[in-house]
Amino acid sequence: MTHYERLSALDNSFLLLETDTAYTHVASTQIFDAGPLRLEDGGIDFEAIKKAHAAIMHKIPRYRQVLKWIPMTDQPVWVDDPHFDLDFHLRHTSLPHPGSLRQLKRLSARIMQQHLDRKRPMWETWVVEGLEGDRFAFISKIHHCMVDGISGVDIMQLLMSTTPDAPLPTPPRYVPREAPSGGELLRDALARQLTMPVEAVRDFTKFTEEASDWRREVQTRLRAVASTVGSFSAAAETPINGPISPHRRFDWTTTAISDIKGIRKALGGSLNDVVLTIVTGAFRRFLDERGVRLDELEFQVMTPVSVRSDSERGALGNRVSAWIFELPLAEPDPRKQLAAITEKTTELKETKQAIGADVLLQAAEFTPSTLMSLGARNLSRMTPFNTVVTNVPGPQQPMYLLGSRLLEMYPHVPLVENIGLGIALVSYDGTMHWGINADRDLVPDLHQFVEDLESSLDELRALAE
(Lines give C-alpha, C1' and ligand atoms only; values in the text may rest on other atoms or scores of the structure.)
Protein backbone atom coordinates (compact mmCIF):
# COMPACT_ATOMS: atom_id res chain seq x y z
CA MET A 1 0.00 0.00 0.00
CA THR A 2 1.16 3.51 -0.75
CA HIS A 3 1.50 6.14 1.97
CA TYR A 4 1.48 9.93 2.14
CA GLU A 5 0.53 12.71 4.57
CA ARG A 6 -1.01 16.06 3.68
CA LEU A 7 0.52 19.31 4.90
CA SER A 8 -1.89 21.49 6.84
CA ALA A 9 -2.71 24.93 5.47
CA LEU A 10 -0.43 26.49 8.11
CA ASP A 11 2.45 24.14 7.27
CA ASN A 12 1.99 24.90 3.58
CA SER A 13 1.95 28.65 4.24
CA PHE A 14 5.59 28.51 5.32
CA LEU A 15 6.47 27.10 1.91
CA LEU A 16 4.42 29.77 0.14
CA LEU A 17 5.94 32.65 2.12
CA GLU A 18 9.49 31.67 1.13
CA THR A 19 11.21 33.86 -1.47
CA ASP A 20 14.73 34.25 -2.83
CA THR A 21 15.52 36.69 -0.02
CA ALA A 22 13.28 35.28 2.73
CA TYR A 23 13.77 31.72 3.94
CA THR A 24 11.29 30.16 6.36
CA HIS A 25 13.29 27.61 8.30
CA VAL A 26 13.69 27.84 12.06
CA ALA A 27 17.13 27.29 13.49
CA SER A 28 19.27 27.39 16.60
CA THR A 29 22.89 27.50 17.70
CA GLN A 30 23.63 25.18 20.61
CA ILE A 31 26.90 25.23 22.55
CA PHE A 32 28.21 22.11 24.35
CA ASP A 33 31.02 21.27 26.69
CA ALA A 34 33.32 18.91 24.76
CA GLY A 35 33.42 16.37 27.60
CA PRO A 36 33.68 12.74 26.51
CA LEU A 37 33.20 13.66 22.83
CA ARG A 38 36.66 15.24 22.78
CA LEU A 39 39.17 13.20 20.75
CA GLU A 40 42.85 12.81 21.59
CA ASP A 41 43.82 15.18 18.77
CA GLY A 42 41.50 17.87 20.19
CA GLY A 43 38.69 17.35 17.68
CA ILE A 44 35.12 16.21 18.27
CA ASP A 45 33.89 12.64 17.74
CA PHE A 46 31.69 13.28 14.71
CA GLU A 47 31.08 9.58 14.08
CA ALA A 48 29.61 9.16 17.56
CA ILE A 49 27.32 12.14 16.97
CA LYS A 50 26.26 10.64 13.66
CA LYS A 51 25.48 7.35 15.40
CA ALA A 52 23.36 9.19 17.98
CA HIS A 53 21.32 10.83 15.21
CA ALA A 54 20.86 7.51 13.39
CA ALA A 55 19.54 5.97 16.62
CA ILE A 56 16.56 8.35 16.81
CA MET A 57 15.60 8.77 13.15
CA HIS A 58 12.70 6.33 13.55
CA LYS A 59 11.22 8.62 16.23
CA ILE A 60 11.12 11.57 13.81
CA PRO A 61 9.55 10.17 10.61
CA ARG A 62 9.47 13.62 8.99
CA TYR A 63 13.29 13.67 9.02
CA ARG A 64 13.21 10.94 6.34
CA GLN A 65 10.37 12.33 4.23
CA VAL A 66 10.34 14.61 1.17
CA LEU A 67 7.77 16.81 -0.49
CA LYS A 68 5.71 15.53 -3.39
CA TRP A 69 3.23 17.74 -5.25
CA ILE A 70 -0.29 16.81 -6.25
CA PRO A 71 -0.71 17.43 -10.00
CA MET A 72 -2.85 20.41 -11.05
CA THR A 73 -3.47 21.55 -7.44
CA ASP A 74 0.11 22.36 -6.32
CA GLN A 75 -0.78 20.96 -2.89
CA PRO A 76 2.27 19.40 -1.18
CA VAL A 77 2.27 16.10 0.68
CA TRP A 78 4.91 14.17 2.62
CA VAL A 79 6.21 10.84 1.31
CA ASP A 80 9.06 8.62 2.51
CA ASP A 81 12.42 9.29 0.89
CA PRO A 82 13.72 6.03 -0.62
CA HIS A 83 17.18 7.59 -1.01
CA PHE A 84 17.59 9.08 2.46
CA ASP A 85 21.26 9.75 3.25
CA LEU A 86 22.14 10.97 6.76
CA ASP A 87 25.52 12.22 5.51
CA PHE A 88 23.78 14.92 3.46
CA HIS A 89 21.99 16.34 6.50
CA LEU A 90 24.65 15.98 9.19
CA ARG A 91 27.70 18.11 8.37
CA HIS A 92 31.07 18.68 10.01
CA THR A 93 33.09 21.90 10.06
CA SER A 94 35.49 23.86 12.27
CA LEU A 95 36.12 27.45 13.28
CA PRO A 96 39.53 28.99 12.50
CA HIS A 97 41.74 29.77 15.49
CA PRO A 98 40.94 31.17 18.03
CA GLY A 99 37.36 29.90 17.60
CA SER A 100 35.63 32.86 19.24
CA LEU A 101 31.92 33.40 19.85
CA ARG A 102 32.03 36.24 17.33
CA GLN A 103 33.23 33.78 14.67
CA LEU A 104 30.48 31.33 15.67
CA LYS A 105 27.82 34.05 15.31
CA ARG A 106 29.07 34.90 11.82
CA LEU A 107 29.12 31.24 10.79
CA SER A 108 25.61 30.77 12.19
CA ALA A 109 24.31 33.69 10.11
CA ARG A 110 25.93 32.36 6.91
CA ILE A 111 24.58 28.85 7.39
CA MET A 112 21.12 30.05 8.34
CA GLN A 113 20.77 32.34 5.31
CA GLN A 114 21.14 29.39 2.91
CA HIS A 115 17.86 27.86 1.70
CA LEU A 116 17.13 24.20 2.38
CA ASP A 117 16.92 21.82 -0.58
CA ARG A 118 13.24 21.01 -1.27
CA LYS A 119 14.18 17.83 -3.10
CA ARG A 120 15.46 16.29 0.14
CA PRO A 121 14.22 16.06 3.73
CA MET A 122 14.26 19.68 4.85
CA TRP A 123 16.70 19.79 7.74
CA GLU A 124 20.44 20.14 8.40
CA THR A 125 22.69 20.02 11.46
CA TRP A 126 26.23 21.37 11.35
CA VAL A 127 28.67 20.10 13.99
CA VAL A 128 31.17 22.91 14.62
CA GLU A 129 34.39 22.12 16.46
CA GLY A 130 37.27 24.44 17.35
CA LEU A 131 35.26 26.68 19.71
CA GLU A 132 37.41 28.22 22.44
CA GLY A 133 36.92 27.04 26.01
CA ASP A 134 36.94 23.32 25.14
CA ARG A 135 33.50 23.54 23.56
CA PHE A 136 31.75 22.69 20.30
CA ALA A 137 28.49 23.78 18.72
CA PHE A 138 25.50 22.59 16.72
CA ILE A 139 23.93 24.86 14.10
CA SER A 140 20.57 23.27 13.31
CA LYS A 141 18.06 24.19 10.59
CA ILE A 142 14.55 22.73 10.21
CA HIS A 143 12.00 24.06 7.76
CA HIS A 144 9.04 25.73 9.44
CA CYS A 145 6.65 23.57 7.40
CA MET A 146 7.88 20.66 9.59
CA VAL A 147 7.93 22.15 13.10
CA ASP A 148 6.94 25.05 15.31
CA GLY A 149 8.89 26.18 18.37
CA ILE A 150 7.38 23.62 20.75
CA SER A 151 7.91 20.63 18.46
CA GLY A 152 11.43 21.87 17.69
CA VAL A 153 12.29 21.69 21.41
CA ASP A 154 10.69 18.22 21.54
CA ILE A 155 13.04 17.04 18.77
CA MET A 156 16.04 18.43 20.64
CA GLN A 157 15.07 16.45 23.73
CA LEU A 158 14.80 13.24 21.68
CA LEU A 159 18.45 13.55 20.70
CA MET A 160 19.63 14.33 24.23
CA SER A 161 19.08 12.93 27.70
CA THR A 162 18.76 14.23 31.25
CA THR A 163 21.69 12.09 32.42
CA PRO A 164 25.22 11.96 30.99
CA ASP A 165 25.30 8.15 30.78
CA ALA A 166 22.01 7.34 29.00
CA PRO A 167 22.42 4.45 26.51
CA LEU A 168 21.60 4.83 22.82
CA PRO A 169 18.54 2.94 21.58
CA THR A 170 18.89 0.34 18.85
CA PRO A 171 16.99 1.70 15.84
CA PRO A 172 14.83 -0.50 13.61
CA ARG A 173 15.81 -0.92 9.98
CA TYR A 174 14.48 1.84 7.75
CA VAL A 175 11.99 0.54 5.18
CA PRO A 176 10.54 3.45 3.18
CA ARG A 177 6.88 3.10 2.30
CA GLU A 178 5.96 3.36 -1.37
CA ALA A 179 4.83 6.79 -2.51
CA PRO A 180 1.57 7.11 -4.47
CA SER A 181 1.62 8.09 -8.12
CA GLY A 182 0.56 11.54 -9.29
CA GLY A 183 -2.70 10.06 -10.55
CA GLU A 184 -3.50 8.52 -7.16
CA LEU A 185 -2.80 11.82 -5.39
CA LEU A 186 -5.02 13.72 -7.80
CA ARG A 187 -7.83 11.19 -7.41
CA ASP A 188 -7.65 11.47 -3.59
CA ALA A 189 -7.57 15.28 -3.79
CA LEU A 190 -10.70 15.37 -5.96
CA ALA A 191 -12.47 12.95 -3.63
CA ARG A 192 -11.53 15.13 -0.67
CA GLN A 193 -12.99 18.21 -2.36
CA LEU A 194 -16.28 16.37 -2.87
CA THR A 195 -16.50 15.26 0.77
CA MET A 196 -15.50 18.61 2.31
CA PRO A 197 -19.11 19.91 2.71
CA VAL A 198 -20.08 16.70 4.52
CA GLU A 199 -17.02 16.95 6.78
CA ALA A 200 -17.80 20.59 7.54
CA VAL A 201 -21.34 19.69 8.63
CA ARG A 202 -20.03 16.78 10.72
CA ASP A 203 -17.43 19.00 12.42
CA PHE A 204 -20.01 21.68 13.22
CA THR A 205 -22.41 19.08 14.63
CA LYS A 206 -19.64 17.71 16.86
CA PHE A 207 -18.78 21.26 17.93
CA THR A 208 -22.36 22.05 18.98
CA GLU A 209 -22.60 18.78 20.92
CA GLU A 210 -19.34 19.29 22.82
CA ALA A 211 -19.62 23.05 23.54
CA SER A 212 -21.44 23.95 26.76
CA ASP A 213 -22.93 27.05 25.05
CA TRP A 214 -22.24 26.73 21.35
CA ARG A 215 -24.02 29.99 20.40
CA ARG A 216 -21.82 32.02 22.73
CA GLU A 217 -18.77 30.12 21.49
CA VAL A 218 -19.64 30.95 17.86
CA GLN A 219 -20.05 34.62 18.78
CA THR A 220 -16.68 34.59 20.54
CA ARG A 221 -15.01 33.09 17.50
CA LEU A 222 -16.65 35.54 15.11
CA ARG A 223 -15.50 38.48 17.25
CA ALA A 224 -11.99 37.01 17.36
CA VAL A 225 -11.95 36.61 13.58
CA ALA A 226 -13.15 40.20 13.11
CA SER A 227 -10.44 41.46 15.47
CA THR A 228 -7.77 39.45 13.65
CA VAL A 229 -8.87 40.63 10.22
CA GLY A 230 -9.05 44.19 11.53
CA SER A 231 -5.35 44.04 12.44
CA PHE A 232 -4.39 43.23 8.82
CA SER A 233 -3.13 46.62 7.71
CA ALA A 234 0.35 47.58 6.60
CA ALA A 235 2.68 48.26 9.53
CA ALA A 236 4.24 51.69 10.06
CA GLU A 237 7.49 52.47 8.26
CA THR A 238 10.63 52.24 10.41
CA PRO A 239 14.36 51.82 9.69
CA ILE A 240 14.08 48.07 10.39
CA ASN A 241 11.22 47.56 7.93
CA GLY A 242 11.68 47.42 4.17
CA PRO A 243 12.83 45.12 1.37
CA ILE A 244 15.21 42.56 2.85
CA SER A 245 18.38 41.13 1.34
CA PRO A 246 19.38 37.43 1.24
CA HIS A 247 22.01 38.05 3.96
CA ARG A 248 21.71 37.99 7.74
CA ARG A 249 23.35 38.97 11.00
CA PHE A 250 22.86 36.85 14.13
CA ASP A 251 23.59 37.82 17.71
CA TRP A 252 22.52 36.76 21.17
CA THR A 253 22.42 37.49 24.88
CA THR A 254 21.28 35.72 28.05
CA THR A 255 19.12 36.58 31.06
CA ALA A 256 18.69 34.68 34.31
CA ILE A 257 15.09 33.51 34.64
CA SER A 258 15.30 34.51 38.30
CA ASP A 259 15.74 38.13 37.15
CA ILE A 260 12.58 37.92 35.00
CA LYS A 261 10.66 36.37 37.90
CA GLY A 262 11.94 39.04 40.28
CA ILE A 263 10.69 41.80 37.96
CA ARG A 264 7.33 40.09 37.61
CA LYS A 265 6.96 39.70 41.38
CA ALA A 266 7.84 43.34 42.05
CA LEU A 267 6.11 45.07 39.14
CA GLY A 268 3.36 42.66 38.01
CA GLY A 269 2.48 40.98 34.74
CA SER A 270 3.45 37.56 33.40
CA LEU A 271 6.94 36.38 32.43
CA ASN A 272 6.10 37.02 28.78
CA ASP A 273 4.79 40.50 29.64
CA VAL A 274 8.17 41.27 31.24
CA VAL A 275 9.98 39.97 28.14
CA LEU A 276 7.85 42.20 25.89
CA THR A 277 8.57 45.18 28.16
CA ILE A 278 12.31 44.55 27.83
CA VAL A 279 11.82 44.44 24.05
CA THR A 280 9.80 47.68 24.19
CA GLY A 281 12.58 49.47 26.04
CA ALA A 282 15.17 48.18 23.59
CA PHE A 283 13.25 49.29 20.49
CA ARG A 284 12.53 52.65 22.15
CA ARG A 285 16.28 53.23 22.59
CA PHE A 286 17.27 51.78 19.22
CA LEU A 287 14.75 53.71 17.11
CA ASP A 288 15.20 56.94 19.07
CA GLU A 289 18.95 56.80 18.30
CA ARG A 290 17.98 56.60 14.61
CA GLY A 291 15.81 59.72 14.80
CA VAL A 292 12.39 58.05 14.74
CA ARG A 293 9.50 60.12 16.21
CA LEU A 294 8.25 57.66 18.80
CA ASP A 295 5.18 59.71 19.78
CA GLU A 296 3.82 59.27 16.25
CA LEU A 297 4.79 55.61 15.76
CA GLU A 298 2.38 52.65 15.93
CA PHE A 299 4.91 49.85 16.34
CA GLN A 300 3.22 46.44 16.00
CA VAL A 301 4.59 43.16 17.33
CA MET A 302 3.51 39.65 16.34
CA THR A 303 3.84 37.02 19.05
CA PRO A 304 3.05 33.37 18.20
CA VAL A 305 0.67 31.64 20.62
CA SER A 306 0.74 27.86 20.91
CA VAL A 307 -2.60 26.07 20.57
CA ARG A 308 -0.94 22.67 20.97
CA SER A 309 -2.70 20.45 23.49
CA ASP A 310 -0.86 18.12 25.87
CA SER A 311 -1.93 15.17 23.73
CA GLU A 312 -0.17 16.77 20.73
CA ARG A 313 3.23 17.10 22.43
CA GLY A 314 5.86 15.30 20.37
CA ALA A 315 3.88 15.60 17.13
CA LEU A 316 5.50 17.52 14.30
CA GLY A 317 3.86 20.25 12.25
CA ASN A 318 2.60 23.65 13.38
CA ARG A 319 -0.03 24.23 16.07
CA VAL A 320 0.27 27.96 16.61
CA SER A 321 -1.87 31.04 16.35
CA ALA A 322 -0.76 34.65 16.89
CA TRP A 323 -1.36 37.94 18.65
CA ILE A 324 -0.67 41.24 16.88
CA PHE A 325 -0.70 44.40 19.00
CA GLU A 326 1.08 47.71 19.52
CA LEU A 327 4.09 48.07 21.83
CA PRO A 328 3.99 51.29 23.90
CA LEU A 329 7.20 52.81 22.54
CA ALA A 330 6.03 56.38 23.19
CA GLU A 331 5.85 55.70 26.96
CA PRO A 332 9.19 56.48 28.69
CA ASP A 333 8.34 54.87 32.06
CA PRO A 334 9.10 51.10 32.04
CA ARG A 335 6.54 50.51 34.81
CA LYS A 336 3.81 52.07 32.67
CA GLN A 337 5.05 50.12 29.64
CA LEU A 338 4.67 46.87 31.59
CA ALA A 339 1.21 47.89 32.85
CA ALA A 340 0.05 48.71 29.31
CA ILE A 341 1.38 45.43 27.90
CA THR A 342 -0.17 43.42 30.75
CA GLU A 343 -3.53 45.13 30.17
CA LYS A 344 -3.38 44.33 26.46
CA THR A 345 -2.34 40.68 26.81
CA THR A 346 -5.01 40.15 29.47
CA GLU A 347 -7.59 41.56 27.07
CA LEU A 348 -6.31 39.31 24.27
CA LYS A 349 -6.61 36.27 26.52
CA GLU A 350 -10.12 37.18 27.69
CA THR A 351 -11.38 37.91 24.18
CA LYS A 352 -9.56 34.82 22.85
CA GLN A 353 -8.06 36.70 19.90
CA ALA A 354 -5.70 33.82 19.17
CA ILE A 355 -8.76 31.76 18.24
CA GLY A 356 -9.42 34.20 15.39
CA ALA A 357 -6.21 33.33 13.56
CA ASP A 358 -6.79 29.64 14.29
CA VAL A 359 -10.30 29.80 12.78
CA LEU A 360 -8.94 31.51 9.66
CA LEU A 361 -6.32 28.78 9.32
CA GLN A 362 -8.98 26.09 9.66
CA ALA A 363 -10.94 27.82 6.89
CA ALA A 364 -7.78 27.85 4.79
CA GLU A 365 -7.88 24.03 4.80
CA PHE A 366 -10.75 24.38 2.28
CA THR A 367 -8.85 26.90 0.14
CA PRO A 368 -7.07 25.76 -3.05
CA SER A 369 -3.29 26.02 -2.88
CA THR A 370 -3.22 28.43 -5.84
CA LEU A 371 -5.40 30.92 -3.95
CA MET A 372 -3.32 30.47 -0.81
CA SER A 373 -0.20 31.24 -2.85
CA LEU A 374 -1.79 34.47 -4.09
CA GLY A 375 -2.77 35.38 -0.54
CA ALA A 376 0.76 34.71 0.73
CA ARG A 377 2.25 37.02 -1.91
CA ASN A 378 -0.21 39.78 -0.98
CA LEU A 379 0.50 39.33 2.73
CA SER A 380 4.26 39.61 2.15
CA ARG A 381 3.69 42.98 0.47
CA MET A 382 1.49 44.25 3.34
CA THR A 383 3.02 42.76 6.47
CA PRO A 384 0.81 43.93 9.38
CA PHE A 385 3.56 43.98 12.02
CA ASN A 386 7.03 45.49 12.49
CA THR A 387 8.77 42.67 14.32
CA VAL A 388 8.32 39.15 15.71
CA VAL A 389 8.94 38.08 19.31
CA THR A 390 8.54 34.37 20.02
CA ASN A 391 9.14 32.80 23.44
CA VAL A 392 9.35 29.02 23.80
CA PRO A 393 9.72 27.13 27.11
CA GLY A 394 12.56 24.64 27.12
CA PRO A 395 13.81 22.01 29.58
CA GLN A 396 14.71 23.36 33.01
CA GLN A 397 17.25 20.65 33.82
CA PRO A 398 20.68 20.04 32.26
CA MET A 399 20.63 18.07 28.98
CA TYR A 400 23.43 15.87 27.65
CA LEU A 401 24.52 14.61 24.24
CA LEU A 402 26.53 11.40 24.72
CA GLY A 403 27.76 12.77 28.04
CA SER A 404 28.61 16.26 26.75
CA ARG A 405 26.53 18.87 28.56
CA LEU A 406 24.43 21.39 26.65
CA LEU A 407 25.54 24.80 27.95
CA GLU A 408 23.60 27.33 25.86
CA MET A 409 21.04 27.36 23.05
CA TYR A 410 20.14 30.40 20.95
CA PRO A 411 16.98 30.17 18.78
CA HIS A 412 16.64 31.81 15.39
CA VAL A 413 13.33 33.09 13.99
CA PRO A 414 13.14 33.55 10.19
CA LEU A 415 12.40 36.96 8.67
CA VAL A 416 9.58 37.47 6.18
CA GLU A 417 9.48 40.25 3.60
CA ASN A 418 9.68 43.76 5.08
CA ILE A 419 10.71 42.52 8.56
CA GLY A 420 14.36 43.32 9.21
CA LEU A 421 14.68 42.12 12.81
CA GLY A 422 13.14 39.26 14.77
CA ILE A 423 13.64 37.98 18.32
CA ALA A 424 13.34 34.41 19.56
CA LEU A 425 13.75 33.23 23.13
CA VAL A 426 14.01 29.81 24.72
CA SER A 427 14.39 29.05 28.41
CA TYR A 428 16.83 26.34 29.45
CA ASP A 429 18.22 25.29 32.83
CA GLY A 430 17.42 28.56 34.62
CA THR A 431 18.49 30.87 31.80
CA MET A 432 16.57 32.77 29.12
CA HIS A 433 18.49 32.63 25.83
CA TRP A 434 17.79 35.44 23.33
CA GLY A 435 18.54 34.93 19.64
CA ILE A 436 18.30 38.06 17.48
CA ASN A 437 18.15 37.63 13.70
CA ALA A 438 18.46 40.68 11.43
CA ASP A 439 18.83 41.63 7.81
CA ARG A 440 22.47 42.43 7.15
CA ASP A 441 21.74 45.67 5.26
CA LEU A 442 18.76 47.04 7.21
CA VAL A 443 20.38 46.48 10.62
CA PRO A 444 24.17 46.89 10.25
CA ASP A 445 24.46 47.77 13.97
CA LEU A 446 22.74 44.72 15.46
CA HIS A 447 25.24 44.69 18.33
CA GLN A 448 23.77 48.05 19.42
CA PHE A 449 20.28 46.54 19.62
CA VAL A 450 21.63 43.74 21.82
CA GLU A 451 23.17 46.35 24.13
CA ASP A 452 19.81 48.17 24.19
CA LEU A 453 18.10 44.92 25.26
CA GLU A 454 20.58 44.55 28.11
CA SER A 455 20.14 48.21 29.14
CA SER A 456 16.36 47.81 29.13
CA LEU A 457 16.65 44.75 31.38
CA ASP A 458 19.02 46.60 33.73
CA GLU A 459 16.51 49.45 34.08
CA LEU A 460 13.65 47.09 34.91
CA ARG A 461 15.84 45.12 37.33
CA ALA A 462 16.79 48.33 39.13
CA LEU A 463 13.12 49.35 39.44
CA ALA A 464 12.25 45.90 40.80
CA GLU A 465 15.01 46.12 43.40
- prompt: Once the other residues with Cβ under 9 Å from the Cβ of MET112 are scored (Lys, Arg +1; Asp, Glu -1), what is the net sum?
  reply: +3
message: Quick check: net charge around GLY422, other residues with Cβ under 13 Å of its Cβ, Lys/Arg +1 and Asp/Glu -1?
response: -1
task: Take each of the peptides 97-104, 136-143, average the number of other beta-carbon atoms within 10 Å over its residues, and list them starting from the highest.
output: 136-143, 97-104
- prompt: Just the accessible area per residue of segment 9-136, please: how many Å² with a 1.4 Å probe?
  reply: 43 Å²
field: Listed peptides 284-296, 332-344 by packing density, highest first (mean Cβ within 10 Å)
entry: 332-344, 284-296
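When ranked by the protection proxy of mean other Cβ atoms within 10 Å per residue, highest first, what sequence do the peptides 427-437, 234-244 form?
Output ranking for 427-437, 234-244: 427-437, 234-244.
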statement: The convex hull of the Cα atoms of segment 64-105, divided by residue count, gives a volume in Å³ per residue of 117 Å³
- prompt: List the lysines whose alpha-carbon lies under 19 Å from that of LYS261, not counting same-chain residues fewer than 8 positions away?
  reply: LYS336
- prompt: Can you pull out the trypsin sites (Lys or Arg not before Pro) in segment 159-194 that DSSP calls coil and that have at most 12 other Cβ atoms within 10 Å?
  reply: ARG173
message: Taking a ≥ b ≥ c as the square roots of the Cα gyration tensor eigenvalues, with a/c under 1.5 meaning rounded and otherwise prolate when a/b beats b/c, else oblate, which class fits segment 127-177?
response: oblate
- line: Distance in Å, no decimals, from the C-alpha centre of segment 420-453 to the one of segment 95-129 is 17 Å
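The values are calculated or read from the model by the stated rules, or taken from the named source; none is laboratory data. The structure presented is a predicted model; accordingly, all values stated were derived computationally and were not measured. Ideal geometry is used to build each Cβ from the backbone, glycine not excepted, and the neighbour counts take in all protein chains shown. Side chains included, ligands, DNA and RNA excluded: accessible areas come from the protein's heavy atoms. Shrake-Rupley method; radii C 1.70, N 1.55, O 1.52, S 1.80 Å.
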